[in-house]
Each structure stands twice: as C-alpha cells, then as structure tokens.
1. Answer rounded, prolate or oblate for region 185-230, using the Cα gyration tensor with square roots of eigenvalues a ≥ b ≥ c: rounded when a/c is under 1.5, else prolate when a/b is larger than b/c, else oblate.
2. Work out the charge dipole of the chain with +1 on the Cβ of Lys and Arg and -1 on the Cβ of Asp and Glu about the Cα centre, then indicate which of Trp113, Thr84, Thr247 is farthest towards its positive end.
3. Given R₀ = 30 Å, what would the calculated FRET efficiency be for Arg204 paired with Asp144, taking r from the Cβ atoms and rounding to 0.05?
4. Arranged by the count of other C-beta atoms within 10 angstrom, fewest first, what order do Arg208, Arg92 take?
5. Could you line up His138, His212, His112 from fewest to most neighbouring Cβ atoms inside 10 Å?
6. Roughly what would the spin-label model give for Asp67 and His23, points 7 Å off Cα along C-beta, in nm?
7. Give the residue list of GluC sites (Glu not before Pro) in region 1-83 that are DSSP loop and have at most 16 other beta-carbon atoms within 10 angstrom.
8. Ala211 versus Asp106, label points 7 Å from Cα toward the beta carbon: distance in nm?
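Coordinate-derived values only; no laboratory data. Quantities reported herein were computed from a predicted structural model and do not represent experimental measurements. Cβ placement follows ideal geometry from the backbone for every residue including glycine, while neighbour counts extend to all protein chains displayed.
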Amino acid sequence: MSAPFDLLVAGRPSVDVMFSGLHEWPALGKDIEADGLGVCAGTSFNTPAAANRIGLRVAYVATIGNDVWSRIIRDEFEAERLPTDFLEVEGRPLPGISVALNLDGDRGFVTHWGSGDTYDAQLDARALEIATRVDARHLHGYVDGAPQLEAIARSRGMTVSLDAWGGPGWSSPRSLAEVLAEADVLFANETEAAAMTGEDDPERALGRLAAHCGCVVIKRGAAGALGLAGDEMRAVPAEPVQVVDTTGAGDSFNAGFLLGWLGGLGLEESLTLGVICGSRAVGDFGGYRGCPREPELRAIAASRGIALPSRGPVPEGDPT
C-alpha cells in the first residue's frame, strides 16, 4: 500500500505583498507608483501549494496565529484546498510579512518575522514529532533547516531534497559533506551554488555539489535549469513568458521537478516539468498561483512527449 502522503514539508508561511511594473527603484524621500499589486501566502507555503496543485499529496507542517496576516494565510489554505492535517493555529499574533518589489525581471524584499527564534524552535520540535509518525515518501526541506528532521525522515524510509535558500549570504558552520549528508536532491540557484562552492561557473559548481549529493539542480531563471545525476548532465531552456512577478518561482520549479523525480522519470523530463511549473509561476503574483493544476500540466507534459505518473489513492477532500 502506498504512503498517504507524497511530500512532507515544514516551515513558516508568510504573507507576500508584491508590487510589479516599477519604472524605477525607490529612493529615500521619493514616492513612486507600481502598475501591479498582488497579495497571497508565501515563503514555505509556495512549494506545498504548488505540489498540491500538480497532484502530489502534501503533509505541510506550519503554525499561524490569530492576526490579520495569519487569517490571509488560512484563507489561502482553503482557496488552494491544501490539506490542513498538520496546520496549528495559535491564539496569539504571529505575523510574517514579506514585501517584494519587482523591477526589470528581478526583485528586492523587505521582510518582518515576529517572535522568530521561539517560533522556529517550537515548529522544529513539532515537525520532529510528526516526522516520527507520518507516513510519507519524501521530505523537502532547506539546507539551513533541521538536520535531525532529515535524519528521522531517512530512518523512516523517506528520500530527502533540500533547497539552498540563501543567496549570496549562504554560509554554514558545517561542511558541504555534512550539510548534504542526508540529501538525495539539492536545489540551488546560480548565486546560491556559487556561494556554496566558490565556483562562479555553473557547471563547475554543479560538479562540486554533486560530489556530496546524488542529484543536483541549479535553477538559472531566464536561462532555464541545469542538472547532474550520476554521470548524466542535462540542461533545459526556460520558456518564453510574460513576467509579472518572480517571487517564489523556484519553489514551483521544485514541485514540478519532484513530481517527475518521485514518479521515476528521467533527469531531463524532471527538469522539464520543473521549468514548466517555474516558468508559469512568474506569469502571476506569488510563488504558486501561476503554477498549472494537474490536468493542465498533464496536457502540457504530453505535448512534450512526457507521460506523467499515475496518482496513488486520493485522500478525502482532494480537489481533483
């Protein structure tokens, strides 16, 4: 019998407030206008929501509060019909807000987390307890996350993927060998891969990372994606799209890639699914709203000669 969940994810969700169509960057003392505005859940919410859209069965461990920002996140769970099996709602404010400013295909952020250290410790403890009893196939986490959670997942037969989640400031007191000890798949963008390895060339960075992880994927934005698994290296170009907001596009990419990888598809096919999901994500605000739903993704994949794996048993309440 298959596991009830395909994907286990733990993390703190935020509300993303995104401005697009900026014609210049804000300067102190000057008011500028944005052509577009979007508001939705974000940060760790993105990959579970995108994965749920494309047909993966998701166990998402998160905590929200009773403030207006938390209520927006709760509404997004309902709008996306994302399972709330492991959502905890506390009777106190737990605001998490990230403002994204989009200009010329890139963006800058201003973020506020309330009671961060206490929240993180409590969430980590709850995720560890849940991981000891949840029946899932795969854990998706972050390189600066909880190594204990990865070890528990591995001990329970789950495979593990990690997202670099750090940009130019990525650093760790642990070596790459320690960071990636439990990882089957690593996702990083070019900046993160360079920071982790000291290599500016993506292919050299890929090789350095692959010495510690069986499958490494470098997300290259408008240049597509590059992957290395064993001796096989593949590059997939990006799709031409009208960019609205690039926030969280890499999270949708992760979901698409994992759909293929967990379904036993090859590296190039999995990269292609990642690019499809990531490319479409930038056509709407947020990291998941532009991601296709399962029937659309199946049709797009079929047009590329990719047959998506069949779904397992559908949990009660599943929208598809």
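1. oblate
2. Thr84
3. With a Förster radius of 30 Å, E is 0.80.
4. Numbers: Arg208 16, Arg92 10.
The order, fewest Cβ neighbours first, is Arg92, Arg208.
5. So the residues, fewest neighbours to most, are His112, His212, His138.
6. Distance between the two pseudo-spin positions: 3.4 nm.
7. Within region 1-83, the qualifying GluC sites (Glu not before Pro) (loop, at most 16 other Cβ atoms within 10 Å) are Glu24, Glu33.
8. Modelled inter-label distance: 2.9 nm.
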